[in-house]
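Quick notes on the structure that follows.
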Amino acid sequence: MSLNKNKFFIYFSTFFCFVGFSQETPRVEIDSMAMQNLKEVVVTGQINKQSVDKSVFEVKVISRETLDRLAGNTLADVLNQSLNINIQPNPSTGKSSVQLFGLDGQYFKILVDNIPLINDEGLGNNTDLTQINLDDIEQVEIVEGSMGVQYGSNAVSGIINIITRKDSDHKWEITPYVQEETIGNEYGFFDQGRHIQSLSLGHRFSDQWYVNGNLTHNDFTGYLNDREGQYHPLNDGRRGYEWLPKLQYSGKGLVNYSGKNFKSFYRMEYFDERVERYDSLVRENFNPSTQTSNPTATDEVFTSKRFYNHLNLSGKLLKTLNYDISASYQQQKRNVEQYNYRINAREKFDVNSQEYESRKGIYSRGTVNDFFKSEKVSLQLGYELSNINGYSSALAGTFDGDNIERRLEAYDAFATTEIELGKRFSFRPGTRAMFSSQFKTQMAHSLSAKYNFDKGYQLRAVLGTSPRNPNFDELFTYFVDVNHDVQGNIDLKPERGVSTFLHLKKNFFPENLGWRLSSKISAWYLNVDDRIELTIVNESPLAFQYNNIDEYRTWGTSLTNKLAYGDLQLDLGLSFSGESKVLNSQDSFNDDYLYALQLSSNFSYQFPRINTTFSLFFKYNGPQYQFVLDTNQDDPSFVRAKQEGYGWMDGSIKKTFMNDKLHLTLGARNLLDISRINTQTVNSGGTHSSPNNGLLIGYGRSFFVKLLYNLNI
Amino acid sequence: MKNNFLYTLAFAFILIGASCSDDEGGSVQQDFVVAFQNPSLSFDTSDTQKEVNLVFSTAAPSDGTVAITYTTDNAVYGSDADFTTVPDGASGQLMVGFTGGASGTSFTFNKLQDAIEGASKGVNFTLSAISLTDSNGTTPTIQGNTQLAVSFTETAAPAGTTSPEVGGPNEDNQVYVDLSSLTQTTAKRDSWDLGFYNGDAFRVTINGSIFMAVAALESTDIDAVTPTDVEALQPQVAVGTFDAANIDYVDAVTGDLEGTAIAAISETDADNPVYLVNLGFEVGTDTPDLGGVALNGEARGWKKIRILRSGSDYVLQYADLEASTHEEVTISKTAGYLFTFFSFNTEDLVDVQPLSDRWDLNFTAFTNEIEGFGSYGYADFITTNLLGGAVAYAVETATKAYAEFTAADVVEASFLDDQRGIGSNWRNGGGPGTLPSLKDDVFFVLKDTDGNLYKIRFTALVDEGGVRGYPAFEFELL
């Protein structure tokens, strides 16, 4: 039963009326937005936690405030609005991954409190953004560019570092919330829509000891669109869901000790997810003798479980040395239950459960710094080691029916030093050696520099490298039959990524801080060499193998502005980038640069009198192109195939009641109602656009209401 | 403080309340339908006993019985008369039992006396009642083929269903199906290597179902050919190399006898070269992922052969590549059959095909061609008995629905002079991420070896659980 939008509004407005009765009290005094900006502190890539301005890296921050205004429950809810980042949802697996600078999730690393977060396909890579709950998150930090020295392999296009909350101003904090969302135009109290409930508890025992815990239930019931769900008995392509139903439970806990010269925290996470995939292919099993059908289908239920344990110790040794050590045991396992289903009888048979993919293992990272008593020079020495056991079942890849199990041990050592030459200039060279059980020793290097010009202009240059390790498919694929010969290559080398970034930045503000404008111009060049691609290694009989053969490069420039004026805040970013692919794996290729434009903006306004914040987020992803070989002409040539541009707009109204105790957020995602975007294809009819085959990126305009209660004692 | 507590409690309530989810949708009320598998059954003079199959729409919900009555046409029940049944039907009704969970049952029909030449003789059975010990909520229903006409003389089946025993995901068998007599004959795919044509021409076919390939060599001396001579050629003499030229190494995919990879055997011995033979693959034994096939096992290796004529016989010389001597066998033509089959495994003749007019369709793995890329191995292929005169063509349901298609709709000119009139067109090919599936928007018209016109509709590619190699189809005489 789908609810039309009018009804939905009525339902929500009654909700609003109900809470509207509660008494309004004067709002708690908060800092002006201009002031807030000044206090932004970042952790990522720093020798010591420091302010954005002092950082040699260029770190983008998504604050808790922004996460709240987007009512973001998972990382996938919020990254849509970030410049240069695209989210690639995969409706047939239910996963969403990051694409940054045209490179997919294999090149991008996701960390939590500075250590990579495991998932069933990797340590920090290929992360499913929908599996990352944001409920105890303080802020999300994003760094673009290769960060091999700081974060090791597979940090080619950039990293996200999720910083969790580790302290509170209150003795007790009890924060339950409920959030109800439509999925496109589909909503029902239990069977349709997205239903989130969460409870967080925090307690400060003393100045030293703090604990918190969080439980979240996130039920995404799936999006049907024109599909008919699980019980549809016909083979007309309409069985199942367009977006798969997904049910998530997440539990987290933290114990934090913070003494004078010693700090420590232990944080754990348990995550459980169930994704149901109902096959659209129905075997009708028509029996001509009895003139009856007995429709069956083969369905899959994927269940993922993640355990995350992180113990961190930091402090001072011998009064000068700062150390910071993290040790972690993590595992994520994805099981599949594959079964046949008699649709009329509502009956499962041939049930087969097995492990689908998993990663588990130990990880540790440690740094020691400040060997010198100098303010001008700081040296950081560090190690990173991981011992990860990977498993990929025959169902997850093409491994000749075998299950692949492999242990990857990595032992890295790195050193960076930050040197200040005078008041204006500082630079930071770094290097890392990576020893592993699988690959030859890899090196990563970095060199960053910062120069403060007159009048507050800051120039940063960041050069970095990072390798990307080959994945299981590239290493172990084996598909050989009478017609085919496609093989992985155990001798593959890691791909090599190098990036260079330049950032020129200035903050404009008057003496009274009545307003503030931060502007930044950036330019970058990123190159991935020895790219792994399937290539023909024998013409007849035709045989393919993965090899280090291609090259990818991209350059771009962006302009971002942050304006805060009174109760108004406006962010505006514009980016222009080109990508070029040298495809030696193909017979022929065109490596001209293909350009694309992105714009992101974010507007919010606070009405202090009514404790209300209005926010609007808008991102425009311009048309993207790729080269397609048009073989319809006499002389086959490469033509630019266009993927339409589209805009993505989210908006919300957040109001607090009862002395900031009760928060109500009403909002909408995907206000422009985007679902599929057209992509041009080339076929026998020549180049033309095929709207039916567009890329699925959203499920249409959705509305949400979030009601949060904040009990602080 | 009390207020706070109440609010917290309220939230807790919402949390618990919202965690409940709705239950599974109830199941659809199901009928338990019993029917005869086929509406007709005929005996030729040599048959004396046949099983009559009854099929169920779903697994039987419990033990039970089907009551079947009959009427006769020039036939009398009794062990000293024309026919009997097991279980006994002397009373004019037979009770056929079945057990819970079964998907069908059967009874036996014994033909005791043939029909008198020129007179009809038959028994018509009718399903009359179903009883179940426990219906488990289903409704017992008689529907579909509620009657069965048994003829004591050979008649073309007016309609029927067949599930060729291809053998599951390894597709072990070549299955030869005769529609008019509702019979099928199976031969294991790797049970034969060469087929010697029994008609006027001297032609030899290779076994494309196991992806054999052959190439003519320069030499006419089989003992002189060494592995070194053929080393360079070997990688090319195979199916699926994606080299357009490799199509010369396999038989014409159309089924045209003139297009065999081995040239016509000449009376002049000097014109008959030695051939390099790629023996293809053994039948696979692996269990593939659900919905996939595993056709091939170990490669069967190589042979060298030379074929000569001796009067109206063939003389086959064969040897392993390394051998400097060879075996020789004389193969005579056998009347009534299209080919005489020889196996290198048994070094003897083997039975594969039924009589040339006793099969219309062959369910088999097949060496087909992808235009421009050469030979390509296909699973789930269906050839017609082109040399025996069976041809077919496809009709899209958008043009005419299967049920409405009559003899008047048959377009004679559409019949393809090609054994691939059905071919692989009855299924969707699948691709990365999608499995092959039944094509439900197409059916076929077949002219069988006796000139009967049938319409054929495929009802399964896989079994109920999605396992490949379990095709099924229905047909109706037009």
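When only the Cβ of Lys, Arg, Asp and Glu is charged (+1, +1, -1, -1), the dipole of the protein assembly as shown relative to its Cα centre reaches about 9160 debye.
The value obtained for region B:248-318, namely the Cα convex hull volume divided by the number of residues, is 127 Å³ per residue. Per-residue Karplus couplings for region A:220-226, computed as 6.51 cos²θ - 1.76 cosθ + 1.60 with θ equal to phi - 60°, are listed in order as 9, 7, x, 10, 7, 6, 9 Hz, Gly and Pro entered as x. The mean number of Cβ atoms from other chains found within 10 Å of a Cβ in peptide A:290-301 is 5, as a whole number. Averaged over residues, the count of other Cβ atoms within 10 Å places the peptides B:411-424, A:326-339 in the sequence A:326-339, B:411-424, highest first.
With the convex hull constructed from alpha-carbon coordinates only, region B:31-149 shows a mean projected area of 7.0 nm² over all directions. Note on region A:585-676: Rg/Rh from C-alpha atoms, Kirkwood Rh, equals 1.31. Quick one: Cα centre-to-centre distance for region A:407-442 and region B:266-336, in angstrom? Centre-to-centre distance over Cα atoms comes out at 64 Å. Grouping the Cα pair distances of region B:196-309 into 10 Å bins from zero gives a pair-distance distribution of 13, 40, 33, 11, 3, 0 percent in increasing distance order.
Relative intensity of chain A on a log10 scale, I(q)/I(0) at q = 0.07 Å⁻¹, equals -0.51, per a Debye sum over C-alpha point scatterers of equal strength in the absence of solvent. Within 10 Å of the Cβ of each residue in B:284-294, the mean number of Cβ atoms contributed by other protein chains is 2. The Kirkwood hydrodynamic radius of region B:362-478, based on inverse pair distances between different Cα atoms, is 15.0 Å. Across region A:438-479, the relative contact order, built from alpha-carbon pairs under 8 Å that are at least six residues apart, equals 34 percent. Using Cβ point charges alone (K and R +1, D and E -1), the dipole size of region B:372-452 about the Cα centre works out to roughly 260 debye.
This model, with +1 at the C-beta of Lys and Arg and -1 at the C-beta of Asp and Glu, gives chain A a dipole about its Cα centre of some 2800 debye. Note on the protein assembly as shown: Kirkwood hydrodynamic radius from all Cα pairs is 35.2 Å, rounded to one decimal. Which lysines have a Cα lying under 17 Å from the Cα of A:K655, excluding residues fewer than 8 positions away in the same chain? Excluding near neighbours in sequence, the set is A:K706. Here is the tail figure for region B:63-107: Cα pairs spaced more than 16 Å apart come to 43 percent of all pairs. Each principal axis of the Cα cloud of region A:415-572 was taken in turn, and the coordinate range along them, longest first, works out to 77, 36, 23 Å. As a proxy for reagent exposure, A:I490, B:I130, A:I362, A:I132 were ordered by neighbouring Cβ count within 10 angstrom, fewest first; the result is A:I490, A:I362, B:I130, A:I132.
Region A:585-654 and region B:349-417 have Cα centres lying 50 Å from one another. Annotation: amide H-H contacts under 5 Å for B:A129 (H modelled 1.01 Å from N, sequence separation of 5 or more, or interchain): B:A67. Annotation note: GluC sites (Glu not before Pro) in region A:537-642 located in DSSP loop regions with a Cβ neighbour count of at most 10 within 10 Å are A:E539. When you count the other C-beta atoms within 10 angstrom of each residue and take the mean per peptide, A:415-424, B:335-344 line up highest first as B:335-344, A:415-424. A helix-only calculation puts chain B at -1500 deg cm²/dmol for mean residue ellipticity at 222 nm, using -39500 (n - 2.57) for each DSSP H run of at least four residues, averaged over all residues. The HN-Hα couplings worked out from phi for region A:441-448 by the Karplus form 6.51 cos²θ - 1.76 cosθ + 1.60 (θ = phi - 60°) are 4, 10, 10, 10, 10, 8, 8, 10 Hz, whole numbers, x standing for Gly and Pro.
With n ≥ 4 as the cut-off for DSSP H runs, can you work out [θ] at 222 nm for chain A, using -39500 (n - 2.57) per run divided by the number of residues, rounded to the nearest 500?
Taken over chain A, the calculation gives -1500 deg cm²/dmol.
Phi-derived couplings, Karplus 6.51 cos²θ - 1.76 cosθ + 1.60 at θ = phi - 60°, listed residue by residue for region B:269-279: 4, 5, 8, 9, x, 7, 10, 8, 10, 8, 7 Hz, with x used for Gly and Pro.
For the cross-link pairs A:K109/A:K493; B:K303/B:K333; B:K111/B:K447; B:K50/B:K439; A:K171/A:K252, the ones whose C-alpha atoms lie over 26 Å apart are B:K111/B:K447; B:K50/B:K439. Taking 20 °C and 1.002 mPa s as conditions, region A:53-195 diffuses translationally at an estimated 131 µm²/s according to Stokes-Einstein applied to its Kirkwood radius (Cα pairs).
With Rh defined as the Kirkwood radius, the inverse of the mean 1/r over Cα pairs, the Rg/Rh of region A:529-576 is 1.53. Counting Cβ atoms of other protein chains within 10 Å of each residue's Cβ and taking the mean over peptide A:279-286 gives 6.
The numbers here are math on the coordinates, done by the rules we state, and not lab data. Just so it is clear, the structure is predicted and the values come from calculations on it, not from any experiment. As a convention, Cβ positions derive from the backbone with ideal geometry for all residues, glycine included, and neighbour counts pool all protein chains shown.
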